[in-house]
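Accompanying notes for the structure given below.
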Amino acid sequence: METNRDIINVDLIMDQLYGKEGSPERENFKKEAYNYCTGQLIHEARKEEKVTQLELAKRIGVDKSYISRIEKGLIEPGVGTFYRIINALGLKIEISKQLA
């Protein structure tokens, strides 16, 4: 049997770079990754709707710089702010139970 040396164990790499699962370093990395992904989703949705950061900020009652920081993944919007952004962009959130 031939082995493939190109196969990469992502968990091992994550452990080496950010610590073991559950460690403060790994949890911080996860939080930053979620913030970045959330920001990218909002950025893409805003661009698709042809809405500027300033327009979106006015629609939800925040500063343009706040929208910029969210889109860059520097901050995590609170749940209320997130819902206001979603509504202002004409989007909806669907919550469903995972299949086992």
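Bear in mind these aren't lab numbers, they're just calculated from the coordinates by the rules spelled out. Predicted model, so just to flag it, every value in this text is computed and none were measured. Glycine also receives a Cβ, built like all others from the backbone with ideal geometry; neighbour counts cover every protein chain displayed.
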* Correct choice for Cα Rg over 2.2 N^0.38 Å that was computed from the model, options [x] 1.07; [y] 1.43; [z] 2.39 -> [y]
* Net +/- balance of residues flanking HIS43 in space, Cβ distance below 14 Å, scoring K and R +1, D and E -1 -> +1
* How about the range 6-100: which GluC sites (Glu not before Pro) there lie in a loop by DSSP and see at most 10 other Cβ atoms within 10 Å? -> GLU94
* Structure fact -> With only helices counted (DSSP H, runs n ≥ 4, each -39500 (n - 2.57)), the per-residue ellipticity at 222 nm for the chain, to the nearest 500, works out to -18500 deg cm²/dmol
* Structure fact -> Restricting to lysines and to Cα separations under 21 Å from LYS31, and discarding same-chain partners fewer than 8 apart, the set is LYS20, LYS72
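Multiply the residue separation of VAL79 and LYS20 by 0.36 nm, subtract the distance between their alpha-carbon atoms, and state the gained length in nm to one decimal.
Working: separation 59, 0.36 × 59 = 21.24 nm, distance 2.84 nm.
Roughly 18.4 nm would be gained on extension.
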